[in-house]
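Written out below as structure tokens is the structure these notes cover.
The values are calculated or read from the model by the stated rules, or taken from the named source; none is laboratory data. From a predicted model like this one, the values you see are computed outputs, not experimental measurements. Heads up, the Cβs are rebuilt from the backbone with ideal geometry, glycines too, and the neighbour counts pull from every protein chain shown.
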Amino acid sequence: MKSQTTPSWLEDAVFYEIYPQSFCDSNGDGIGDIPGIIDKLDYLKCLGINAVWLNPCFESPFSDAGYDVSDYYRVAQRYGTNDDLKRLFVEARKVGIRVLLDLVPGHTSIEHPWFKQSCKQARNEYSDWYIWTDSAWKWDVPGYRTVSGHSERDGSFVSNFFYFQPALNYGFANPDPAQPWQQPVNAPGPQAVRQEMRKIMAFWMDLGASGFRVDMAFSLVKGDPSHGETMRFWQEMRAWLNGKYPDACLVAEWGNPNLAIQGGFHVDFTLPFAFPGYSALLRKPYGSGPGQDPYGFSFFDPAGLGNVREFFDEYMQHYETTRGKGQIALMTGNHDITPRLSKGRTPGDMALVFLFLLTMPGTPFIYYGDEIGMNSLEGLPSKEGGYQRSGARTPMQWDDSANAGFSTAPAEQLYLPIDPDPERPTVFGQDWDPNSLLNTVRKLAFLRRKHTALCASADFELIYAQAGKYPLVYKRSWKDETALVLINPSSRPVSLNLPDMGKKGCDVLYGAADSLQFWGDSWQVRLAGVSGAVWRLQ
Ligand code: NOJ
Ligand code: CA
């Protein structure tokens, strides 16, 4: 594809994901809101992050936590007003933070006025905005989930996720002539939907957004197994953004950086549902033991029984093909992933995960609360279509006051309950302690942003990453700066000799100051159990 412009701010971006329901409630109704986020901008600035991904904050019946939009142009009342969001954009930029919104282009809520029109028997402007079969009795369409009996219109609609999230019509890559209800991508309905999405993006960009995380970005064009037509759509969007909003950033929820970045995205995630290497790194069922899987543990478990190659074999393929074109995002977790990072891990274990995420190439994402090691709650009643995901969506724990400082509402009115553990981590409780997880994250975020060699596009070379072995060693470099990262998540001490890397001097930038020395003609690495360091080589 044609050369892509990339906003320079992405180079040192450290993202923070805010689930608005649970971050900070400014008006005591038990639900987080936008003025609450504005109140916490100083906290975010001092954390060292410089970009926020805000989960959907638009009008919605909230059957899927806002991923069921009923008005793309209006902030949900419970979060505030469009003016509040504009104020967030402005105030955040004043402290060096950009805000990305969550765009849900693939489906709306069944409450959306477009869909209600589309359900009508009489043809109208919105009849072809959604995907309908040509008979209410045609509901058994292989490869699709359809819902029948909902509308006066004689047809079943295709749903994208839960039943109440009807798929917007971007057309079919190869419409089946025997199924005339499958429209080509250039039919008027799909074209109108595409124009509308562009209008929505322009609306929020003009208000001050810095871009979008795009929900289920891979899902738009149907019957598109190679994703070619879906990629073409996003390439067009990217070309349009490059011209009109060159500073904007598009982050895909795709889970295949190779395809997403070819398709025009600046950034894509290593999502566990599509990228098994991520689980091998951080999310194998904790302590699942050998069993069928010779490496039943994640690499970042102190058992020291993980296999870092399960991650890197997959990662390096994507890294090589996307290098210089876009960024791979590594995250501590997100609102869909349970348990949280803290499950089965001590703060010391988690510090190494942050050391890794904040020194790797690409774009790191911190899920709110992971910087203090918040726990997931088990067995909660499902909230807003969260099911087991609800456990990783509980309110942020700020301090020791009522409701952990999240809200002044009575406890039973909170969006989700606060972690009842009397030892639950809080920002206040970690702020004073230089060795707390919170202060470690702060240190590492600022370290990354200070050293170009640690930023997104600086060179990356694996020095030691062996199947079933510890530690992990890699080199980052940019121009005349070279950094060496050493990580030993295993509880056992390790030592290792590394060949000459063309440098003989070193100074420690972070972590264990006795972990590296040049001796004879090689580098000697010695790491205590659960320890790591970043060195500058000279
Ligand atoms: C992915 C989102 O992250 C998730 O929370 C949502 O339920 C689905 N997409 C459907 O929009
Ligand atoms: Ca509120």
The residue from A76, A51 that alone is touching a Phe, Trp or Tyr at 6+ places or on another chain (Cβ under 8 Å), more than 26 Å from P364 (Cβ to Cβ) and not β-branched (V, I, T) is A76
How do the pairs read when you match residues in the stretch 332-353 that are closer than 20 Å to R389 by Cβ with residues anywhere that are aromatic (F, W, Y) and within 16 Å of ligand 2 (Cβ to nearest atom), using Cβ under 6 Å and keeping only pairs 6 or more apart or on different chains? H335/Y19
In the stretch 216-236, residue farthest from the chain's Cα centre (by Cα) [restricted to those that are surrounded by fewer than 22 Cβ atoms within 10 Å (Cβ to Cβ) and within 16 Å of ligand 1 (Cβ to nearest atom)]: S219
Report, by residue number, each residue of the stretch 408-428 that is touching a helix residue (DSSP H, G or I) at 6+ places or on another chain (Cβ under 8 Å) and either more than 18 Å from G379 (Cβ to Cβ) or more than 16 Å from ligand 1 (Cβ to nearest atom) (or both). T408, A409, A411, L414, P417, I418, D419, R424, P425, T426, V427, F428
Residues in the stretch 400-415: is at least one within 30 Å of S531 (Cα to Cα), modelled with pLDDT of 95 or more and crowded, with 22+ Cβ neighbours inside 10 Å? no
Is there a residue being within 16 Å of ligand 2 (Cβ to nearest atom), surrounded by fewer than 23 Cβ atoms within 10 Å (Cβ to Cβ) and aromatic (F, W, Y) anywhere in the stretch 72-87? no
Please determine whether any residue of the stretch 508-517 is out of contact with any strand residue (DSSP E or B) (no Cβ under 6 Å at 6 or more places or on another chain) and crowded, with 16+ Cβ neighbours inside 10 Å. no
For the stretch 254-287, give me each residue that is of a type in the set (A, V, I, L, M), over 13 Å from Y319 (Cα atoms) and surrounded by 24 or more Cβ atoms within 10 Å (Cβ to Cβ). A280, L281, L282
Within the stretch 47-58, the residues that are without any contact (Cβ under 8 Å) to a residue 60 or more places away in the chain and over 13 Å from Q21 (Cα atoms) are V52
Hey, V251 hits all of (1) away from ligand 1 (no atom under 16 Å from the Cβ); (2) crowded, with 22+ Cβ neighbours inside 10 Å but one; which does it fall short on? (1)
Can we say A453 is aliphatic (A, V, I, L, M), touching a helix residue (DSSP H, G or I) at 6+ places or on another chain (Cβ under 9 Å), under 28 Å from F365 (Cα atoms) and modelled with pLDDT of 95 or more? no
Quick one: E111 ticks every box in (1) crowded, with 17+ Cβ neighbours inside 10 Å; (2) outside the structural domain of D39 (by TED's automatic domain parsing); (3) of a type outside the set (F, W, Y); (4) within 16 Å of ligand 1 (Cβ to nearest atom) except a single one, so which number is it? (1)
Consider R389 carefully, then state whether it is surrounded by 24 or more Cβ atoms within 10 Å (Cβ to Cβ), in contact (Cβ under 8 Å) with a residue 40 or more places away in the chain, under 23 Å from E253 (Cβ atoms) and of a type in the set (D, E, K, R). no
Name the pairs whose Cβ atoms lie under 8 Å apart, with the first residue in the stretch 519-530 and outside the structural domain of A303 (by TED's automatic domain parsing) and free of Cβ contacts under 8 Å to residues at least 60 places away in the same chain, the second among the hydrophobic types (A, V, I, L, M, F, W, C) and assigned to a loop (DSSP other than H, G, I, E, B), and 6 or more positions between them or separate chains? W523/M501; L527/A512; A528/A512
If you scan the stretch 438-492, which residues turn out to be among the β-branched types (V, I, T), buried (at least 24 other Cβ atoms within 10 Å of the Cβ) and assigned to a strand (DSSP E or B)? V485, I487
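Every residue in the stretch 1-60 that is of a type in the set (D, E) and within 13 Å of ligand 2 (Cβ to nearest atom), please. Steps first, answer last, please.
The first filter runs over the stretch 1-60 and keeps only residues of a type in the set (D, E), leaving 11-12, 17, 25, 29, 33, 39, 42, 59.
Listed by number, the residues that qualify are D25, D29, D33, D39.
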Suppose the filter is touching a residue at least 60 places away in the same chain (Cβ under 8 Å) and in contact with a His (Cβ under 8 Å, 6 or more places away or on another chain); does A167 pass it? yes
Whichever residue in the stretch 329-364 is within 16 Å of ligand 1 (Cβ to nearest atom) and either of a type in the set (D, E) or not in a loop (DSSP other than H, G, I, E, B) (or both) and, among such residues, is farthest from Y19 (Cα to Cα): A329
Being assigned by TED's automatic domain parsing to the domain that holds Y67, under 29 Å from N488 (Cβ atoms) and more than 20 Å from the chain's Cα centre (by Cα) narrows it down to one of G324, G373, G348, G362, so name that one. G348
Output for Cβ contacts, cut-off 9 Å, separation at least six or different chains, first residue more than 24 Å from V14 (Cβ to Cβ) in the stretch 73-100, second assigned to a strand (DSSP E or B) and of a type in the set (A, V, I, L, M), reads T81/V75; N82/V75; D83/V75; D84/V75
From the options I18, I34, residue that is at pLDDT 95 or above, surrounded by 21 or more Cβ atoms within 10 Å (Cβ to Cβ), closer than 23 Å to S382 by Cα and in the same structural domain as N403 (by TED's automatic domain parsing): I18
Where residues in the stretch 118-150 are under 35 Å from the mean Cα position of the chain (by Cα), assigned to a loop (DSSP other than H, G, I, E, B) and polar (S, T, N, Q), which of them is nearest to P105 (Cα to Cα)? S127
Given (1) among the polar types (S, T, N, Q); (2) surrounded by 17 or more Cβ atoms within 10 Å (Cβ to Cβ); (3) within 21 Å of Y368 (Cβ to Cβ), identify the lone condition not met by T322. (3)
